[in-house]
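Data first, discussion second: the structure below is written as structure tokens.
The values are calculated or read from the model by the stated rules, or taken from the named source; none is laboratory data. Owing to the predicted nature of the structure, the values given are computational and were not obtained by experimental measurement. When we count neighbours, we look across all protein chains shown, and the Cβ atoms used for this are built from the backbone with ideal geometry, even at glycine.
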Amino acid sequence: MADQYSEPEPAPEPAPTPAKKTRKSTGKMTDQQKAQLTKHMAKQKKAGMSASEMKSHRMKMMVRMRKGMTVAKAHNDVKKSG
């Protein structure tokens, strides 16, 4: 019989969660990657991209390149995602 002075029962332990997938560390871009991105952005400017579009495109490219994508793969991924 449980009265108000007895200790409450411990809560059941939750089921163990599956191990999370580890992500690659998103470190800094290398000098080579920076040069490639600068060259890519120059092409985009010549193609007629506006300043706000260029800033958005550059940020999206940098995120992907930090994860290890090449310029070409990152650009295709940006175009594909809209």
Handout entry: Selection from the stretch 42-53 of residues that are of a type in the set (A, V, I, L, M) and either over 13 Å from His75 (Cβ atoms) or in contact (Cβ under 8 Å) with a residue 60 or more places away in the chain (or both)
Key = Ala42, Ala51
Handout entry: Meets criteria (surrounded by fewer than 10 Cβ atoms within 10 Å (Cβ to Cβ) and modelled with pLDDT of 95 or more) for Lys55
Key = no
Fill in the blank from the handout: By residue number, the members of the stretch 27-82 that are among the small types (Gly, Ala, Ser) and either touching a helix residue (DSSP H, G or I) at 6+ places or on another chain (Cβ under 9 Å) or not in a loop (DSSP other than H, G, I, E, B) (or both) are Gly27, Ala35, Ala42, Ala51, Ser52, Ser56, Ala72, Ala74, Ser81
Exercise for the section: Consider only pairs whose beta carbons are under 7 Å apart and that are at least six residues apart or on different chains; among these, list those whose first residue lies in the stretch 66-82 and is among the small types (Gly, Ala, Ser) and whose second residue is surrounded by 15 or more Cβ atoms within 10 Å (Cβ to Cβ). Expected result: Ala74/Met61; Ala74/Arg64; Ala74/Met65
Practice task
From (1) at pLDDT 95 or above; (2) over 18 Å from Gly82 (Cα atoms), pick out the condition that doesn't hold for Glu13.
Solution key: (1)
